[in-house]
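Quick note: the coordinates plus some simple rules give every number you see, no bench work behind them. Treat the numbers as computed from the prediction; the structure is a model and nothing was measured. Every residue, glycine among them, receives a Cβ derived from its backbone with ideal geometry; neighbour counts consider all protein chains shown.
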Amino acid sequence: MSTTVTQDMSFLYLIASASVLVQLVMLVLVLISFFSWWFIFRKHFVIRNEIRKTDDFEDIFWRGVDLNALHQRITSARYDSGSLERIFAAGFGEFNKHATGSDLDAVMESTRRAMRATYQREMDYLESHLSFLATVGSVSPYIGLLGTVWGIMNSFRSLASVTQATIAHVAPGIAEALIATAMGLFAAIPAVVAYNRYASSTDQLATRFESFMEELSNVLQRRAAG
């Protein structure tokens, strides 16, 4: 008898015996969780790689390397460069186009616009899919709760045809309903943690990019004035 009860209350059995709506909720949560983990791992490598490239470029730049040579190296290997390198290439390239015989204020404004446009594109790339993780973190528990409420409702509806209700009548339905809640939390918690971590990392990179743009503007302005 105990063997039958154990089998009937197993995880796979509860999922297989759940109502169609609860199974649909579980399937949606599984798909959401799969895509969430895919973006979590992908974003981890993207941001880690970007931080490394930013550190390397700042180290090279502030050694006093020749800016023309640095610009040439970056533009010749554009697809291997990082975000900060592309921002520098955009600003320095725009500065070189108009530096000779042009009003300095107009040249610097054009240089800042070029860097700002590249900066925005790079930040859009770094922040891509973060909104998805935020949505998963906020919506998944409610999707799981929908399955839970529906499963519990079905459990109590089944008691209408029973003269003497026992825990054995409602336990399977409540158990399958709670599985939906657990799956919702399983999808939501990693997404929230990853979103907070990656949002903080991208904010730090954005601050570093903005500081570099101001510093490069000062360097180029002194170079043009001198």
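Taking 19 Å as the cut-off, the amide N atoms of segment 17-35 that come nearer than this to a point 7 Å along the Cα-to-beta-carbon line of V139 belong to 21-35. A Förster radius of 30 Å combined with the Cβ-Cβ distance from A225 to R73 puts the calculated FRET efficiency at roughly 0.70. The stretch between D124 and A16 holds 34.7 nm of extra length on full extension. This uses 0.36 nm per residue minus the Cα-Cα distance.
For a quick protection proxy, order the peptides 174-184, 192-202 by their average other-Cβ count within 10 Å, most packed first.
Numbers: 174-184: 21.5, 192-202: 16.9.
Result, highest mean Cβ count within 10 Å first: 174-184, 192-202.
The gain in end-to-end length when the D105 to I51 segment is fully stretched comes to 16.2 nm, 0.36 nm per residue minus the alpha carbon separation. Label-to-label distance, N196 versus R208, with points set 7 angstrom from Cα along the beta-carbon direction: 2.3 nm.
How big is the convex hull of the Cα atoms of segment 19-225, per residue, in Å³? Provide the component values of the computation, followed by the final result.
Numbers: hull volume 24.5 nm³, N = 207.
About 118 Å³ per residue, rounded to a whole number.
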